[in-house]
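The values are calculated or read from the model by the stated rules, or taken from the named source; none is laboratory data. Not measured: the values here are computed from a predicted model. Because the Cβ atoms are built from the backbone with ideal geometry, glycine has one as well, and the counts that use them run over all protein chains shown. The accessibility values were calculated without ligands, DNA or RNA, using every heavy atom of the protein model including side chains. Shrake-Rupley method; radii C 1.70, N 1.55, O 1.52, S 1.80 Å.
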Amino acid sequence: MGAWLLAVHLVAAALWVGGMGYAIMVLRPSLPVIEPAARAALLFEAHRRFLRIVWAMMPLVLLSGYGLMFGVLGGFRGVGWAVHAMHTVGLVMGGLFLVIWFGPFQAMRRAMAAGELPAAMAANERLRKLIGINFSLGVLALALGGFARFGA
Ligand code: HEM
């Protein structure tokens, strides 16, 4: 069971963190090749699809993490500082995801529906900053996973 839990944990974490990396390091720098009016539409569609994926991946990361911690490793006492740190970082990332979804993403959705592109891009700017923070936390959590592997 531990192997399946860790496999789910790694795939879900990779899709979540990797998706944020793609948005920041690939999608955004590529935007200047299309017209400004099309950028808001592309960004909104990309966010809409990716955030839907995170609604599935975030619970998988948390549940598989708790499954590993309590079902395999003996609970909080059975794991080291790296897993405690990863657990904390994972919860902060989950909370930030909810802020992103209910905050700037809903604002961008309303602005797109009203055809207000400047407001949509302003909401996208807030969304981008929060995704930047969550991506950095995700990279940290992945690194902590490496330490956890060697018993830290
Ligand atoms: C997005 C956030 C997270 C990322 C990127 C992440 C990443 C990882 C990685 C890469 C490993 C593999 C370590 C190995 O090879 O053994 C790992 C293991 C683990 N993670 Fe996470 N994790 C995250 C969130 C969480 C959360 C929220 C929890 C707790 C609820 C958690 C609990 C664990 C546990 C218990 C292990 C096994 C550690 C061991 O083998 O000793 N993780 N995680």
Test: residue in segment 116-127 that is within 12 Å of F44 (Cα to Cα), touching a Gly at 6+ places or on another chain (Cβ under 9 Å) and more than 8 Å from the ligand (Cβ to nearest atom): yes
Matching residues, segment 47-76, being over 14 Å from the mean Cα position of the chain (by Cα) and of a type outside the set (F, W, Y): L63, S64, G65, G67, L68, M69, G71, V72, L73, G74, G75
Count of segment 104-152 residues which are under 17 Å from the mean Cα position of the chain (by Cα) and acidic (D, E): 1
Residue within segment 9-19 that is of a type in the set (F, W, Y), within 16 Å of G132 (Cα to Cα) and open to solvent by less than 30 Å² (accessible area, probe 1.4 Å) present: yes
So G103, is it touching a residue at least 12 places away in the same chain (Cβ under 8 Å) and among the small types (G, A, S): yes
